[in-house]
Amino acid sequence: MANRRMSRRRRSRSRNGAPVTYETVREIALALPGVEDGISYGTPALKVHGRFLARLREDGGSLAVRVEFPVREALMQEEPAMFYITEHYLNYPALLVRLSKVDPGKLRQILEHAWRAVAPKRLIRVFDAAVQPAEGGARPLPPSSRRRRQTVDAAEHGR
């Protein structure tokens, strides 16, 4: 049981060993084209051209992320300690993520999935063209970098 707790603790830490925080969320999300900082319900949020992507909840330890209902149900069944909803979110396509429990890789997948649901098709095409699929499976997200963002911004504006 102790080993199991240790592995869960490790999973919820970023590559440098620090716990997953809203800054981790921002770093992942801002690497996607068109994502911008915003405010939603008085808390820090991330949006794509004004459309809701994710926001930090008032408790400071949970993230509300836009996801389709079937995805939400699957994630909550898969990891109920990590993913949940409150009554408020029953009729909204959103999922709550406990930052203290989520693995950065899983968070990256969820944020990209949410981004694909709200981003304009042209941004998705630019992103897909800039990132080649990995051999034999899912394509990892690119690391956040200024050069990457400049490349995507230039392509988006036809430069």
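The values are calculated or read from the model by the stated rules, or taken from the named source; none is laboratory data. This is a predicted model, so every value here is computed, not measured. Note that each Cβ is placed from the backbone with ideal geometry, even for glycine, and that neighbours are counted across all protein chains shown.
Table for the structure above
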{"item": "The lone exception for residue 34 - which of (1) at pLDDT below 95; (2) touching a strand residue (DSSP E or B) at 6+ places or on another chain (Cβ under 7 Å); (3) at positive phi it fails", "result": "(1)"}
{"item": "Any pair with Cβ under 7 angstrom, 6 or more apart, that starts in the stretch 94-120 at a residue that is free of Cβ contacts under 8 Å to residues at least 12 places away in the same chain and ends at one that is assigned to a helix (DSSP H, G or I)", "result": "116/124"}
{"item": "Residue selected from the stretch 84-120 under the condition among the polar types (S, T, N, Q) and assigned to a loop (DSSP other than H, G, I, E, B), by the criterion surrounded by the fewest Cβ atoms within 10 Å (Cβ to Cβ)", "result": "91"}
{"item": "Any hit, the stretch 63-83, residues being surrounded by fewer than 12 Cβ atoms within 10 Å (Cβ to Cβ), assigned to a loop (DSSP other than H, G, I, E, B) and touching a residue at least 60 places away in the same chain (Cβ under 8 Å)", "result": "no"}
{"item": "Residue 123 being buried (at least 19 other Cβ atoms within 10 Å of the Cβ) and at pLDDT 95 or above", "result": "no"}
